[in-house]
Amino acid sequence: MQTEFIKSLNCNYERISLNETPDEKKYQYCIIGRGGIKGLLSCDLRYINGLSYLYYDISSKQNISQLYGKKCISREWIVNFFWSYRQVRRELERFLLDSSNLLLFPEQIYQDVESDSFGFIYLPYYEEDNGIKKLMDFFLEHMDYEDEELVICVYSIYEKLEQKGDAYLQSVIFEDVKKLEEAAEEEQPEPCRVSGEYESNELTEEIVQKEETIQKKHFFGLFDGKKKKDKEIRDNYRQNMQEMMTLSKVAEDINYNRDLGKTVYIEAPEEPAIIQRKLRTPEGKLIASVEENVMTLGKKKGEADIVLEDASISRLHARIIKEESIYYIEDLNSTNGTFKNGLQLQPYEKRELNEGDEIKLGRIALIFA
């Protein structure tokens with residue numbers, strides 16, 4: 001599946017290339033072309049130079065891979081996502097569309113930062129992997145591990161999905177998510193102790209605690225293999241280091257008495273200078289220091305690392321990335337575009353930054369110094 005991002009006037013699109021010319025009269029193309037299905041990104045079928053493309057409107061949205069690249073996913077977010085996913089599946093059933101054609105790769109699920117609503121991509125007559133496994137791996141990597149109920153629920157979903165496949169996605173998965181939502185709403189009252197029932201209540205609590213312990217061991221046991229593998233890697237690394245140290249031992253017959261008492265001066269190697277990059281206005285005013293490997297620019301306080309208060313700036317407009325010693329500017333699907341030295345970036349396009357380059361975000365111009 002070949003995808004790319006395209007900017008056209010005030011709209012941004014994710015464009016998917018089709019391997020062959022589609023039959024526009026087929027049912028699925030007719031329905032998605034008509035639009036109006038809640039939860040789906042609006043889609044247009046276009047032909048360019050004899051090739052066929054589907055254009056999905058992603059204006060003012062961010063894919064969840066970008067949004068949660070360095071943030072934890074909360075219980076509320078997981079519940080909101082699955083309810084949105086259930087709603088869009090019901091809409092597809094209402095229009096007699098195959099829900100397995102929903103793309104569930106994290107980089108192809110979009111969320112409106114302001115309203116938190118989700119937008120899904122529907123690819124007609126798609127028969128390859130739809131990305132559900134990759135999505136669950138993404139959840140496992142980014143969920144809030146301090147929320148024990150969330151961890152147990154996601155591990156459970158992961159296990160059942162591997163065992164039952166798409167049949168589990170039909171309805172059972174939403175029952176498990178509902179339990180997670182109810183667990184968040186329930187208060188935990190103190191147990192009521194009636195005279196003569198104290199020992200009985202204690203026994204009941206002990207049984208419940210044992211059952212919870214068994215359940216947790218079951219879910220976390222799924223990943224014991226991975227932990228054992230990590231331990232083997234560490235042990236092998238330690239063993240290799242010991243062997244290297246043994247090979248590099250100094251022979252015992254070296255004459256250590258030669259030049260005894262004479263101190264040899266060894267010059268310390270020069271450490272490379274750490275260059276602190278900054279963003280300035282064309283007039284030289286300091287806007288921000290680029291201190292992290294990834295820094296987001298936008299007008300949404302609490303989300304953007306560098307807040308630029310201007311109507312032409314998107315909530316999450318662009319980001320500066322440092323990889324090794326090289327800096328890049330990347331557009332984050334902004335409405336008014338990101339420019340480097342006057343050349344506009346496509347949505348999610350990344351270009352190298354050098355000292356003195358001009359970065360323009362909407363109406364704001366900055367110098368990378």
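The values are calculated or read from the model by the stated rules, or taken from the named source; none is laboratory data. This structure is a prediction, so every number in the text was calculated from the model and none was measured. Reconstructed Cβ throughout: ideal geometry from the backbone, glycine too, with neighbour counts over all protein chains shown. The area values use the complete protein model at the heavy-atom level, side chains included, leaving out ligands, DNA and RNA. Shrake-Rupley method; radii C 1.70, N 1.55, O 1.52, S 1.80 Å.
Work through the residues other than Arg315 whose Cβ is under 14 Å from its Cβ and net out their charges, Lys, Arg +1 and Asp, Glu -1.
Net of charged neighbours comes to -3.
Which order do peptides 158-167, 56-65, 360-369 fall in by mean Cβ count within 10 Å, highest first?
Ranked from most to least packed, the peptides come out as 56-65, 360-369, 158-167.
Once you put a point 7 Å from the Cα of Ala369 and another 7 Å from the Cα of Tyr168, both along the Cβ direction, what distance in nm separates them?
A separation of 5.6 nm, rounded to one decimal place.
Of His142, His317, which has the most accessible area and how do the rest follow, probe 1.4 Å?
From most accessible down to least: His142, His317.
Residues of the stretch 1-25 with backbone nitrogen within less than 20 Å of a virtual label 7 Å along the Cα-to-Cβ line of Gln344, please, listed as ranges.
Under cut-off, by backbone N: 4-16.
Per residue, how large is the accessible surface of the stretch 290-367? Use a 1.4 angstrom probe and give square angstrom.
The answer is 47 Å² per residue.
Tell me, what is the percent relative contact order of the stretch 273-369, built from C-alpha pairs under 8 Å that lie six or more residues apart?
23
Quick check: the distance between the Cα centres of the stretch 285-356 and the stretch 31-73, to the nearest angstrom?
22
Taking K and R as +1 and D and E as -1, what net charge do the other residues with C-beta under 9 Å from the C-beta of Gly342 add up to?
Taking every Cβ under 9 Å from that of Gly342, the sum is +1.
Points 7 angstrom from Cα along the Cβ direction at Asp112 and Lys179: gap in nanometres?
With each label placed 7 Å out from Cα toward Cβ, I get 3.3 nm.
Dividing the Cα convex hull volume of the stretch 268-358 by residue count, how many Å³ per residue is that?
So the per-residue hull volume is 116 Å³.
Placing +1 at every Lys and Arg Cβ and -1 at every Asp and Glu Cβ, with all other atoms neutral, what dipole size does the stretch 40-104 have around its Cα centre, in debye to the nearest 20?
Around 280 debye, computed over the stretch 40-104.
How much accessible area per residue does the stretch 118-177 have, counting only protein heavy atoms and a probe of 1.4 Å, in square angstrom?
For the stretch 118-177, the solvent-accessible area averages 45 Å² per residue.
Length gain on complete extension for the stretch Lys26 to Ser8, per 0.36 nm per residue less the alpha carbon to alpha carbon distance?
Here the segment from Lys26 to Ser8 would lengthen by 3.7 nm.
Can you list the residues, at least 5 places off or on another chain, whose amide H is less than 5 Å from the amide H of Phe5, using H built in the peptide plane?
Amide H neighbours of Phe5, under 5 Å, 5+ apart: Arg15.
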